[in-house]
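Chemist: First the structure, then my questions, so here it is.
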Amino acid sequence: MDTKTYNVNLKAKKTSWGGIALNLSKNGKILGGVNKPMDSEMALVFTDEKNGFRCFYPNWKTMESIPDEFVLSPDLKTAPSLIMPKVKSMDVSLLDTSNLEIMDLMFANCREIEELDLSNFNVKNVVTFTQMFENCYKLKSLDLTGWDTSNGMGFSDMFAYCGELEEIKGVIDITNASTYRTMFDDCNKLKSVKIKATPSQQGSFRSLSGVSPNTEVIFV
């Protein structure tokens, strides 16, 4: 059987697996843990095998809820696109994002999500956030207080079509951005947003980002 081994720290809530080696098959089964097979529903683990994502829950796009344990493989550089249109809540507090460089489309089309707590995300190494939350129609608030987006270069359509989004906590640093076109398209309920930008970016931000005239843009 064709398998691959990753050292993954599950940080599980219900178990004490800790840092273990998982044997992963191509069909998405977790073949073994320390001393017994692991339940495939126990963890939703994403890996990158030849640029193809593998998820260890076969029907994840039709899921209405997700398991408590939710982790990424430590060598993953590109975040998987979590297209879960039926999921209403998602606990991503255990995700280790410190090695991620691309977060494009990560939560795009999660149409039923109303709130995501992403304050614990480490995005220091992330270069592009393109379409990260696009079409999250019911998303009402985002907590980005722990985010450092200073290395970000691509922010286009990051929040596009988040029509119910009212609040973004934290500061979005676009000082190194090469593009932030239509970043806030159709975010007509957004009350305010804090942006760190260069003087030239400040001059073009409102017209390029598509931010609503009703949204207060606070440059910090």
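Chemist: Stokes-Einstein D for region 77-220 at 20 °C, 1.002 mPa s, Kirkwood Rh over Cα pairs, in µm²/s?
Modeler: Value of D from the Cα-based Kirkwood radius: 145 µm²/s.
Chemist: Based only on the alpha carbon positions, what is the Kirkwood hydrodynamic radius of region 176-220, in angstrom? Write out the running numbers ahead of the final one.
Modeler: Details: mean 1/r = 0.0943 Å⁻¹.
Kirkwood radius, region 176-220: 10.6 Å.
Chemist: Using mean Cβ contacts within 10 Å as the protection proxy, how do 154-166, 79-91 order, highest first? Intermediate results must be reported in sequence, preceding the final value.
Modeler: On the way: 154-166: 22.3, 79-91: 17.0.
The densest-packed peptide leads the list: 154-166, 79-91.
Chemist: May I ask you to compute the full-extension gain from residue 89 to residue 178, defined as 0.36 nm times their residue separation minus their alpha-carbon distance, rounded to one decimal in nm? Don't jump to the answer; show the numbers that get you there.
Modeler: Details: separation 89, 0.36 × 89 = 32.04 nm, distance 3.24 nm.
Gain on stretching residue 89 to residue 178: 28.8 nm.
Chemist: Moving on. Quick check: residue separation of residue 192 and residue 220 times 0.36 nm, minus the Cα distance between them. What number comes out in nm? Please list the in-between numbers first.
Modeler: Values: separation 28, 0.36 × 28 = 10.08 nm, distance 1.27 nm.
Between residue 192 and residue 220, full extension yields 8.8 nm more.
Chemist: Now, a different point. Using a simple spin-label model with points 7 Å from Cα along the Cα→Cβ vector, what separation in nm is obtained for residue 145 and residue 119?
Modeler: In this crude spin-label approximation the distance works out to 0.4 nm.
Chemist: Please give the net charge around residue 152, taking every other residue with its beta carbon less than 12 angstrom from that of residue 152, where Lys and Arg add +1 and Asp and Glu add -1. Intermediate results must be reported in sequence, preceding the final value.
Modeler: On the way: positive: 124, 196; negative: 101, 104, 148, 173.
Result for the neighbourhood of residue 152: -2.
Chemist: Let me ask you something else. Tell me, what does the Kirkwood hydrodynamic radius of region 122-166 come to in angstroms if you use every pair of distinct C-alpha atoms? Working shown, then result.
Modeler: Numbers: mean 1/r = 0.0903 Å⁻¹.
Radius from the Kirkwood sum: 11.1 Å.
Chemist: So which GluC sites (Glu not before Pro) in region 91-127 are both in a DSSP loop and have at most 10 other Cβ atoms within 10 Å of their Cβ?
Modeler: Working: sites: 101, 112, 114, 115; in loops: 101, 112, 114.
The qualifying sites: there are none.
Chemist: Still on this structure, please answer the following. Sum up the charges of everything whose Cβ sits under 12 Å from the Cβ of residue 212, counting Lys and Arg as +1 and Asp and Glu as -1, but leave residue 212 out.
Modeler: Numbers: positive: 189, 191, 206; negative: 166, 185, 186, 216.
Its environment carries a net charge of -1.
Chemist: What pairs from 138/169; 169/191; 77/140; 77/189; 140/194 go past 21 Å between their alpha carbons? Provide the component values of the computation, followed by the final result.
Modeler: Values: 138/169 17 Å; 169/191 11 Å; 77/140 28 Å; 77/189 33 Å; 140/194 17 Å.
Pairs exceeding the cut-off: 77/140; 77/189.
Where a number appears in this text, it was derived from the coordinates with a stated rule and is not lab data. Please read all numbers here as calculations on a predicted model, not as lab measurements. Note: ideal-geometry Cβ built from the backbone for every residue, glycine included; neighbour counts use all protein chains shown.
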